[in-house]
1. From the convex hull of the Cα coordinates of region B:7-66, what is the mean projected area in square nanometres?
2. Say each of B:ARG130 and B:ARG63 gets a label point 7 Å from the Cα, pointing the same way as Cα to Cβ; how far apart are those two points in nm?
3. Every other copy gets compared here: list the nm distances from the B:ALA111 label point (7 Å along Cα to Cβ) to its counterparts, shortest first, one decimal.
4. Taking a temperature of 20 °C and a viscosity of 1.002 mPa s, what whole-number D in µm²/s does Stokes-Einstein yield for the protein assembly as shown with Rh from Kirkwood over alpha carbon pairs?
5. Given an 8 Å cut-off on Cα distances and at least 6 residues of separation, report the relative contact order of chain B as a percent.
6. Specify the residue with the greatest mean-square fluctuation among A:GLY58, A:GLY141, A:GLY87, computed from a Gaussian network of chain A linking alpha-carbon atoms under 10 Å apart.
7. Give the accessible surface of region B:28-157 per residue, rounded to a whole number of Å², with probe radius 1.4 Å and ligands, DNA and RNA excluded.
8. What number do you get for region A:35-151 when its Cα radius of gyration is normalised by 2.2 N^0.38 Å, N = residues?
Protein chains: 2
Amino acid sequence: MEDQHDPAQPPFDLDRFTPYRLSVAAERASEGLARLYRSRFGISVAEWRVLAHLEHSGNVSVRDIEARVALEKSKVSRAATRLEAAGYIAKAVDPADRRLVQLSLTEEGRALMAEILPVALGFQAELEARLGAAFDGLEQGLQKLLDGTEDKDDPSA
Amino acid sequence: MEDQHDPAQPPFDLDRFTPYRLSVAAERASEGLARLYRSRFGISVAEWRVLAHLEHSGNVSVRDIEARVALEKSKVSRAATRLEAAGYIAKAVDPADRRLVQLSLTEEGRALMAEILPVALGFQAELEARLGAAFDGLEQGLQKLLDGTEDKDDPSA
DNA sequence: CGTTATTCATTGCAAATGCAATGATGTCAA
DNA sequence: TTGACATCATTGCATTTGCAATGAATAACG
């Protein structure tokens, strides 16, 4: 169980490795929130993100969401299909460019968001309270990480 | 594309939502590193984590890794199977408790880590350089998030 | 001891995922 | 216009994933 790395090698501790730490923290946070809406509202993380983006911005194409919400387009597409089947969003062909699909919240979708948003905001508030003074530092660090080119080819992003 | 939320509802911007930001930042960081070792060494993120933990601690059971490395036990088990097939680790029944499987790096595994570790450490160094003064703040925030009970039932974790 | 719970690793299987087509539409320049 | 190329959303398909058995081994406790 103890350290036994080759003394010629630099020591390596996964617990101090930022990508790993980020990954675990992100998983915990997302899962913590997801457990609040999954059972109650029956939606997945991807669905939540699509809804949240629709609530924020009006009619949007799948492509827009893919870019803004950091989800594979196929994931967005399938989430949209499920949300449409559940009656929370509507899909319509964009008359100006018929390749595009306009996604929009239905009345039911808005009602759903009216229930979920307070939960999400409460979760965020809890998180901030829990972090206290460390919150600002975390956000600044995240901002720097996210600022980098959105491009997935940037290894330092 | 513009804001059009119900004025009775609080505004909601996914871009300012910490779980989402964490998730995107984590994905970028993990993917950024993964692209460095995936093509060159043919290992996945799960495999990398198992290897990294084995490099740090000696013989370990699947259960230990599951707990320490934040991976589902089935994921660990399958990663271990692939790593064994590739010749990087060895599996052996623990003589003291024959339910346990001792995982350990083989000579090849150590050689692999000798190649990967500098890459990983370089990535970490790049990250820290990129973050500059913000790095400490990020780490403190992550620490607070990770400190909370490891328990998945804690919504604020 | 013997019997019942627990713990561990693996695996079966349904669902989710990612990537590469596919088809339908748009753009642009010859 | 026409034809080559680009963009968009969806879907096919192989792989991966997560969860719930499963089977093997141990612990707990009468």
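The values are calculated or read from the model by the stated rules, or taken from the named source; none is laboratory data. Just so it is clear, the model here is predicted, and its values are computed rather than measured. Cβ atoms come from the backbone with ideal geometry, glycine included; neighbour counts cover every protein chain shown. Heavy atoms of the whole protein, side chains included, go into the accessibility calculation; ligands, DNA and RNA do not. Shrake-Rupley method; radii C 1.70, N 1.55, O 1.52, S 1.80 Å.
1. Averaged projected area of region B:7-66's Cα convex hull equals 6.5 nm².
2. Taking the simple label geometry, B:ARG130 and B:ARG63 are separated by 3.9 nm.
3. Copy-to-copy label distances at B:ALA111, shortest first: 6.6 nm.
4. Values: Rh = 21.3 Å.
Calculated translational D: 101 µm²/s.
5. Working: 111 pairs, mean separation 24.7, N = 157.
About 16 percent, as a whole number.
6. Top of the fluctuation ranking is A:GLY141.
7. On the way: 6300 Å² over 130 residues.
For region B:28-157, the per-residue accessible area is 48 Å².
8. Details: Rg = 16.0 Å, N = 117, 2.2 N^0.38 = 13.4 Å.
Relative to the rule-of-thumb radius for its length, region A:35-151 sits at 1.19.
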